[in-house]
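Below is one structure; the comments refer to it alone.
The values are calculated or read from the model by the stated rules, or taken from the named source; none is laboratory data. Bear in mind that the values here come from a model prediction, so they are computed numbers and not experimental data. Here the Cβ is made from the backbone with ideal geometry for all residues, glycine too, and neighbour counts use every protein chain on show. Remember, those area values only see protein heavy atoms, side chains included, never the ligands or the DNA or RNA. Shrake-Rupley method; radii C 1.70, N 1.55, O 1.52, S 1.80 Å.
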Amino acid sequence: MQSEASTFIAHVREKDGQIQSVEDHLAQTAELAALFASAIRLPLCGRLLGLCHDLGKFSSGFLSYIRGVTGLDGENARAEAQRQQGKIDHATAGAILIWSGLAGKGKAGAILAQMLSVVVMSHHTRRGMRDFISLKGGSPFLERLGWGEGTTSFQGSLAAAPSPLLEEIRDLLDSRE
């Protein structure tokens, strides 16, 4: 029997329709990110980024979107989902989790929280890291962290994510290495 978490879809391969669950995607990405970050002696940061980058895909909104845009729910759903392309946030939930787990841990924790949260929020940009300082002195970064549940699906994603995944993320956030 499949776990409830495995019903959440991260990707559907175009050539053969193979579905990758969010749970598998995060685990595989975490392995690769840890390996890549080992080159700069930051494997735990890499692992944390891999586990958190798509945390918001554990949401009914994203599931509906991915099922629609890939055609799993038929052509009518595909047309509606295509209108939603780029509007379903799935990165902010992971950034909020990192921020909430590290920002209160002294200056070093706050700096690390900012850097890692920005990486998660920026993981789909084609031009590198997002600019999170406005010319008017505001902070689009802090504004985004404050987006509500309707946009980020933070609480819903936490509720749907498997416990072992969340435990590993919390262990990494609490790590002193």
At 1.4 Å probe radius, can you tell me the per residue accessible area of the chain in Å²?
60 Å²
Could you tell me the calculated FRET efficiency between residue 171 and residue 16, based on Cβ-Cβ distance and R0 = 45 angstrom, to the nearest 0.05?
0.80
Work out Dmax and Rg for segment 43-177 from the C-alpha atoms and quote the Rg first, both in angstrom.
15.8, 51
With each label point set 7 Å from Cα along the Cα-Cβ vector, what nm distance links residue 105 and residue 139?
1.9 nm
On the accessible surface of segment 33-117, probed at 1.4 Å with all protein chains in place, carbon and sulfur together account for a percent value of 59 percent
Net charge over other residues, Cβ less than 12 angstrom from the Cβ of residue 113 (K, R count +1; D, E count -1)
+2
Within straight cross-link reach of residue 57, meaning Cα distance under 19 Å, which lysines are found once same-chain residues fewer than 8 apart are removed?
87
